[in-house]
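The structure appears below as structure tokens.
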Amino acid sequence: MMNAYTLKAPAKINLLLEIIGDRPDGFHELVMVLQSISLADVVELQYLGGDRIQLHCNHPQVPCDQTNLAHRAARLMQKQFPGKGGVAITIDKKIPIGAGLAGGSADAAAVLVGLDLMWNLGLTQTELQSYAAQLGSDIPFCISGGTALALGRGEELTPLPDLDQLYAVLAKYRSLSVATPWAYQTYRQQFSAAYARDSIALERRRREGHSVALLGAITHRDPLQVPQYLYNDLEKVVLPQYPQVQHLRDQLQALGVLGSMMSGSGPTVFGLTETRSQAEQIALQLQTALPDPDLEILVTKFCSSGIQLL
């Protein structure tokens, strides 16, 4: 048994987020297209005796106790596989926190994959994703990564052809956060009259909704068509409440990106480009147009994998 593993944990963005109904468990029925990006945390696991879980992170705002998803992932694995030992988890945080980029989910996914390797469990990806779904809706995708259609509350995944030739400019105000439960609850309050009410209506919405054109572009491996079909229902409630997010989206669009949208429940906005040089040029122009030290701007590339061993 190796005593240490280091894993790369990529962030994700939503290329599409459509809310089509309510679920009995209180979550929403969603249709999403998820995309891994090269921006990633680095998660190191070190074997410990007993059942201790130690967590360290270089970001002062990341909790290092049992509320952290990575800690919860380790505890879940200990419960499933008792007697395998403890673990020291060190997170080198590169993904902005509270950004809607699934940074915490990616770290948890890395812990699941890393403990499978460290404890020589031989779990399949499907088995790992079933444990991941117990912790959070984004974590199953973070394990496999790439480009995927996500149904249910996000845990029903279908891999799609890779889109790894596109680049993204990410923009987020560091001090701004949007509570995901608030975004979904507000959407329900304002738009639930349009929800599908039965299984037949849900299936029709899945087949005929906003995802159809985007999935067609992805299936035909036409990356330049993809940005034309970006869609996010949560923009309807977040953008009116947070004009800074709307302004970022408008600025990116004005600078000539192929397409621009808020990712997930925000507040991160992304703009897509065909090349890295275009992305870097737009990032510089955005920084010049909005010279605010609170504004974080990053350039990243689509990638075709989830958790990777380094």
> Among Ala110, Ala88, which is the only one that is over 12 Å from Ala9 (Cβ atoms) and in contact (Cβ under 8 Å) with a residue 24 or more places away in the chain?
Replying inline: Ala88
> Restricting the stretch 77-110 to residues that are of a type in the set (Val, Ile, Thr) and in contact with a strand residue (DSSP E or B) (Cβ under 6 Å, 6 or more places away or on another chain), which is surrounded by the fewest Cβ atoms within 10 Å (Cβ to Cβ)?
Replying inline: Thr90
> Mind checking which residues of the stretch 176-224 are within 30 Å of Pro159 (Cβ to Cβ) and in contact with a Pro (Cβ under 7 Å, 6 or more places away or on another chain)?
Replying inline: Val178, Ile218, Thr219, Arg221
>> I'd like to verify a number: residues in the stretch 70-107 that are part of a helix (DSSP H, G or I), closer than 20 Å to Pro181 by Cα and of a type in the set (A, V, I, L, M), how many?
In response: 1
>> Looking at the structure I just gave you, is Gly152 surrounded by fewer than 21 Cβ atoms within 10 Å (Cβ to Cβ), farther than 29 Å from Gly49 by Cβ and modelled with pLDDT under 95?
In response: yes
> In the stretch 130-139, is there at least one residue being among the aromatic types (Phe, Trp, Tyr) and either buried (at least 16 other Cβ atoms within 10 Å of the Cβ) or in contact with a helix residue (DSSP H, G or I) (Cβ under 6 Å, 6 or more places away or on another chain) (or both)?
Replying inline: yes
> Somewhere in the stretch 183-196, is a residue of a type in the set (A, V, I, L, M), surrounded by 12 or more Cβ atoms within 10 Å (Cβ to Cβ) and under 20 Å from Pro24 (Cβ atoms)?
Replying inline: yes
>> Just to check your reading of the model, which residue among Gln134, Gln129 is over 30 Å from Tyr173 (Cβ atoms), in the same structural domain as Gln61 (by TED's automatic domain parsing), touching a strand residue (DSSP E or B) at 6+ places or on another chain (Cβ under 9 Å) and of a type in the set (S, T, N, Q)?
In response: Gln129
> Which residue out of Lys79, Lys94, Lys12, Lys8 is over 21 Å from Ser305 (Cβ atoms) and basic (Lys, Arg)?
Replying inline: Lys79
> Could you count how many residues in the stretch 225-244 are farther than 19 Å from Asp164 by Cα, out of contact with any Pro (no Cβ under 9 Å at 6 or more places or on another chain) and surrounded by 14 or more Cβ atoms within 10 Å (Cβ to Cβ)?
Replying inline: 8
>> If I ask for residues that are in contact with a strand residue (DSSP E or B) (Cβ under 9 Å, 6 or more places away or on another chain) and free of Cβ contacts under 8 Å to residues at least 40 places away in the same chain, which ones from the stretch 215-246 would you list?
In response: Gln228, Glu235, Leu239, Gln246
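The values are calculated or read from the model by the stated rules, or taken from the named source; none is laboratory data. Not measured: the values here are computed from a predicted model. All Cβ positions, even for glycine, are placed from backbone atoms using ideal geometry, and neighbour counts span all protein chains on display.
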